[in-house]
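The block underneath contains the structure these notes are about, expressed in structure tokens.
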Amino acid sequence: YRLPKDITFITAEELHAKYPNLDVHGREDAAVRDYGAIFIICMGWPLKDGSDPEEVRAPAYDDWNLNGDIIVMHPLTGYRHELSSMGIRVDSESIVAQLKHRGMGDQVNLPYNHAVINNSLPFSYGGGIGISRLLMLLLRTAHIGEVQCGVWHDEHYRMVSGCGIDLIPDRIVNLKAKEDVTADTAMHP
């Protein structure tokens, strides 16, 4: 699998305008099918027509006007696959506006929020490639649990095992032994 040579930069508004009849993930799926790789800019605010934001973002994390995600087509699933999320940290103005928008204005006095508002923290930006998501892409795995340990409830573990997906278990799970214990308990209460 090769990533496309080019990446298309598109705002959340432009994405919504191009695919107005699709939901958020439907728009992203359509865009990666059309372009191969996209970088969606300005995620977090509701869209101009009142639609939900492209992605719900934490109001005290990144500035919703200065953030973005890199999304590509996953070769195995054929769906959107987010590789990276990045942005410029909120500043004293954006954090207040975003908290107010979410109805969380009372959180301005929390230690971190207060420090940002008073410019007590150095300005920062960042982003990173999710190593597990990159491994999923390169190894062509369908489930993140194939490349990293996670906590999977038993029903989910059984469901994906039935589809031929081998999760890295968070604990030793012996489905056969569990079934035997259940059957033995039913026979000898």
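Just need a number here: residues in the range 158-184 that are at pLDDT below 85 and closer than 30 Å to L83 by Cβ.
Summing the residues that are at pLDDT below 85 and closer than 30 Å to L83 by Cβ in the range 158-184 gives 4.
Within the set of pairs 6 or more residues apart or between chains, which connect a residue that is more than 18 Å from H74 (Cα to Cα) inside the range 124-138 to a residue that is surrounded by 12 or more Cβ atoms within 10 Å (Cβ to Cβ) with Cβ atoms less than 6 Å apart?
Going by the 6 Å Cβ cut-off, the qualifying pairs are S124/R89; Y125/I88; G127/S84; G127/M86.
Go over the candidates R140, R89 one by one and state the one that is out of contact with any helix residue (DSSP H, G or I) (no Cβ under 7 Å at 6 or more places or on another chain), within 14 Å of A60 (Cβ to Cβ) and not polar (S, T, N, Q). Lay out the reasoning, then the answer.
Working: R140 fails: within 14 Å of A60 (Cβ to Cβ).
When all the criteria are applied, what remains is R89.
Taking the residues in the range 58-75 that are touching a residue at least 12 places away in the same chain (Cβ under 8 Å) and assigned to a loop (DSSP other than H, G, I, E, B) as candidates, determine which candidate is most open to solvent (accessible area, probe 1.4 Å).
Ranking the candidates gives Y61 first.
Scan the range 1-24 residue by residue and report those that are assigned to a strand (DSSP E or B) and of a type in the set (V, I, T).
Residues satisfying the conditions are T8, I10, T11.
For the condition more than 25 Å from G36 (Cα to Cα), loosely packed, with under 12 Cβ neighbours inside 10 Å and small (G, A, S), what is the one hit in S120, S94?
Details: S94 fails: loosely packed, with under 12 Cβ neighbours inside 10 Å.
The unique qualifying residue is S120.
The values are calculated or read from the model by the stated rules, or taken from the named source; none is laboratory data. Small disclaimer: the values here were computed from a predicted structure and weren't measured. All Cβ positions, glycine included, derive from the backbone under ideal geometry; neighbour counts span all protein chains shown. To get the accessible areas, we keep the full protein, side chains included, count just its heavy atoms, and leave off ligands, DNA and RNA. Shrake-Rupley method; radii C 1.70, N 1.55, O 1.52, S 1.80 Å.
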